[in-house]
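Before any comments, here is the structure.
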Amino acid sequence: MHVISGFDRIGEENAFAVLARATHLASQGMDVINLGIGQPDFPTPEHISEAAIKAIRDGHHGYTPATGILPLREAVVRRTLATTGVEVSPENVCVMPGGKVTMFAAILMFGAPGREIMYPDPGFPIYRSMIEFTGATPIPIPVREENGFAFSGEEALSLVNDKTSLIILNSPANPTGGVTPRAEIETLVHGLEGFPDAAVMSDEIYDSMTYDGEEHVSLLTFESIRDRLIILNGWSKTWAMTGWRMGWSIWPDALIDNVRKLAVNAWSCVNAPSQFAGIAAIDGPQDAVFSMMSAFDERRQMVVQRMNTLPGITCATPKGAFYAFPNISQTGWKAKELASALLEKEGVATIGGPDFGILGEGFLRLSYANSAENIERAIDRMERFLIEEK
Ligand code: PLP
């Protein structure tokens, strides 16, 4: 058998391997605390689940339009208007089986040998994996601790050239919790006027998750690039719906038909009951979202305060998402080795920074999507480990 060559280069998301290992250790009787996986530890709000149950009872069992039922796309339009002030057309919205599928579609559309695709480093590992799959050259946009884990608009712009086919941005960011300020985005967008062939995909899946009044700046608010802008968003994080596999994307006129055809070829449509749940999530009460955010905020502060007392560790205050990205470079440990030792010896699952890119060395990603009590216990164990294993 001869599989096409791209499969030699396709990567993975190590968070899933860590989850599998943590689950295995737990099944062997170890008390494992999981700060590895990036999913809210809250249940999907009740009224959202009820909407899916009702849809099943009402007989919504069949295929839907490939890009999603119109009332759902209209709900996405309302939500986009409310969060960005920009009115898009439901004709430009495509509902996907998860946010991830938007990056898959966008990278597939723009990646090919001889082209360059820019992506944040450290950043969500699937960006680079998919870029390599297509044979395009991955060009990392450095995301630095000293910049508050925001990218520099000027530095990003210096990497753009005539071969750049797609620029992937992500704020609030996984794995760092960084939020890029408007001025940096403005610098980049302004410079992109000189590169009309470079498309942009903005991963805004954490758009509702910022702290301390930090502003989330949607790329949609920049009119000059709207005709080459893809927005990735979804239900997974905001409404605690990772397992529902529901994402939405907004595509310019020139690309929407490509993505509709890709949907027809690959997944037909997202399962119908989930689409009704998606409407309830957007249009229904948001109290569960607010209380989830205030729990994340409390834990965030606790993580930062405690991690900064650990020997050799400093931890910047994350401004968004639900991740902290402590600097462990002064502990004497390599990040992946530390993550592995913490899991095997202490039952604390974290992800080593290098799983998110070259600049991730020296960092660990902690997801604070776990109870305050478990986070405290996990940090106690990390503290003891770092003192005893010194
Ligand atoms: N984008 C980023 C930055 C993420 O962190 C994630 C999930 O971890 C996704 C996209 C994918 O989300 P989904 O589970 O909806 O596919």
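The values are calculated or read from the model by the stated rules, or taken from the named source; none is laboratory data. Just so it is clear, the structure is predicted and the values come from calculations on it, not from any experiment. With ideal geometry, Cβ positions are generated from the backbone for all residues, glycine too; neighbour counts draw on all protein chains shown.
Scanning segment 305-341 for residues that are of a type outside the set (A, V, I, L, M) and crowded, with 18+ Cβ neighbours inside 10 Å gives R306, C315, P318, K319, G320, F322, Y323, F325, P326, N327, T331, W333.
Quick grid of which residues meet (1) closer than 27 Å to G234 by Cβ; (2) in contact with a Gly (Cβ under 6 Å, 6 or more places away or on another chain):
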| position | (1), (2) |
| --- | --- |
| T317 | yes, no |
| I328 | no, no |
| L342 | no, no |
| K345 | no, no |
| A349 | yes, yes |
| G352 | yes, no |
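Residue selection: D121 satisfies the criterion of being of a type outside the set (A, V, I, L, M, F, W, C) and within 30 Å of N147 (Cα to Cα). Scanning segment 347-363 for residues that are of a type in the set (G, A, S), assigned to a helix (DSSP H, G or I) and under 28 Å from S27 (Cα atoms) yields a single hit, G353.
Yes or no, residue by residue, for (1) more than 16 Å from the ligand (Cβ to nearest atom); (2) under 24 Å from N374 (Cβ atoms); (3) surrounded by 17 or more Cβ atoms within 10 Å (Cβ to Cβ):
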residue: V3; (1), (2), (3): yes, no, no
residue: L25; (1), (2), (3): yes, yes, no
residue: D31; (1), (2), (3): yes, yes, no
residue: L35; (1), (2), (3): no, yes, yes
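Of all residues in segment 220-254, exactly one satisfies the criterion of being of a type in the set (S, T, N, Q), within 13 Å of the ligand (Cβ to nearest atom) and surrounded by fewer than 21 Cβ atoms within 10 Å (Cβ to Cβ), namely T242.
The set of residues from segment 364-390 being assigned to a helix (DSSP H, G or I), among the hydrophobic types (A, V, I, L, M, F, W, C) and out of contact with any helix residue (DSSP H, G or I) (no Cβ under 7 Å at 6 or more places or on another chain) comprises A378, I387. Taking the listed residues F151, F133, the one that is crowded, with 21+ Cβ neighbours inside 10 Å and within 16 Å of the ligand (Cβ to nearest atom) is F151, with no other qualifying.
Within segment 224-271, can you find the residues that are over 20 Å from the mean Cα position of the chain (by Cα) and not in a helix (DSSP H, G or I)? Listed by number, the residues that qualify are P252, W267, S268, C269, N271. Within segment 101-119, being under 18 Å from P196 (Cβ atoms) and within 16 Å of the ligand (Cβ to nearest atom) holds for A106, I117, M118. Of the residues making up segment 350-371, those that are farther than 20 Å from G312 by Cβ, modelled with pLDDT of 95 or more and among the small types (G, A, S) are G357, S367.
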